Amino acid sequence: MYKLLVRQILFLLDAETAHHFTFSLIRFLAKIGFSSIFKNFYSINDKRLEREVFGLKFKNPVGLAAGFDKDAKLFNEFSDFGFGFVEIGTLTPKPQEGNKKPRLFRLIEDQAIINRMGFNNAGVFDAVERLKKKHRVLVGGNIGKNKVTPNHEAVKDYLICMDALFDYVDYFAVNVSSPNTPGLRELQDKEPLTALLKELKKENKKNALKKEVKEKPILLKIAPDLTDSQLLDIIDIVNNTAIDGVIATNTTIAREGLKSDLMFTEERGGLSGKPIGNRSTAVIRFLAEKSNKAFPIIGVGGIHSAEDAIEKLEAGADLVQLYTGFIYEGPSLVKRINKSILKKL
């Protein structure tokens, strides 16, 4: 149904228009009572799918990656499509429009997307108002810095986002790996990244003590373009700062082996989808093996089938996330992955 009809219609629209149309459609269908229909069709309730990772209990290991529901508008509705968790954001302290349009491109022959959205969002405090309602699913908060904030002041932006979201998300994802905010990836270097994560750990502890609750897990989202030496640095940083895990990986700036027209492949931005799958899995395997599985990993990048997800789990991921695969394959992909996991069990 999705690939035969819905996707055909959506792909007649430009990518960003299709995204907004999809949100409006899901919101409308939820209002007229389709939530229970989606839930009955796509969700699998089976205790064997539950995973306890960094102190949280996930009803299944398949999540929606950050970037899809940036402003926390439909996190509950997405749970009806069978997701075990939803990561909202990336959120920044101040609202920002992001980069100039067009900034989102489909590479259909490659089953991929290039985006240079640039952390477009309405600001963390706007999202908080919607996050105050009851959650039907675990929610992660992906946080970043505003474009106008220089790197030497970036920690302030991350702290503002952490403080604002602390009561309303189940974990934090620290985004220093998007290629679409100038200079952001420089924060992945060992010294500034260690300093940033230590400050976030301190703030996390302070908030937890003040509110008399547990600290929230902090995860680091990394780029697939890091060298082995840089990945070893990431392992050291995670161990030294005692954060809770890694999300591997974000989009890539690489363009090798693409089949689509040059007018699309040469667009600036981060590439996601099928072409990034092998590299993402390689990063997961490297981190898991070299760290002796010292910390949990969420695997994301190029998951377009149940087999792709299983491959990442077997490489060392504890959970997986979808983004581009969800766009190309539709919500049935979530169910197919969960069914495949149960079959392997």
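The values are calculated or read from the model by the stated rules, or taken from the named source; none is laboratory data. Quick caveat: nothing in here was measured; it's all calculated off a predicted structure. In this analysis, Cβ positions are derived from the backbone assuming ideal geometry, glycine residues included, and neighbour counts consider all displayed protein chains. Areas reflect the complete protein model, heavy atoms only, side chains present, ligands, DNA and RNA absent. Shrake-Rupley method; radii C 1.70, N 1.55, O 1.52, S 1.80 Å.
Quick rundown of the values:
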quantity	calculated
In region 199-229, the residues that are touching a residue at least 40 places away in the same chain (Cβ under 8 Å), open to solvent by 70 Å² or more (accessible area, probe 1.4 Å) and farther than 26 Å from residue 167 by Cα	228
Scope region 292-312; condition more than 19 Å from residue 225 (Cα to Cα), open to solvent by less than 40 Å² (accessible area, probe 1.4 Å) and either free of Cβ contacts under 8 Å to residues at least 60 places away in the same chain or in a helix (DSSP H, G or I) (or both); matching residues	295, 305, 306, 308, 309, 310
Residue satisfying condition, being open to solvent by 40 Å² or more (accessible area, probe 1.4 Å), within 25 Å of residue 297 (Cβ to Cβ) and in contact with a helix residue (DSSP H, G or I) (Cβ under 9 Å, 6 or more places away or on another chain), within set 102, 192, 95	192
Criterion (among the basic types (Lys, Arg) and touching a Pro at 6+ places or on another chain (Cβ under 8 Å)) met by exactly one of 268, 255, 279, 285	279
Residue count for region 106-132, restricted to those that are in a loop (DSSP other than H, G, I, E, B) and of a type in the set (A, V, I, L, M, F, W, C)	3
Among residues of region 318-345, those that are open to solvent by 10 Å² or more (accessible area, probe 1.4 Å) and assigned to a loop (DSSP other than H, G, I, E, B), counted	4
Residue count, region 89-124 (criterion: over 25 Å from residue 264 (Cα atoms), of a type in the set (A, V, I, L, M) and in contact with a strand residue (DSSP E or B) (Cβ under 6 Å, 6 or more places away or on another chain))	2
Top-ranked residue in region 1-49 [being within 22 Å of residue 62 (Cα to Cα) and small (Gly, Ala, Ser); ranked as surrounded by the fewest Cβ atoms within 10 Å (Cβ to Cβ)]	36
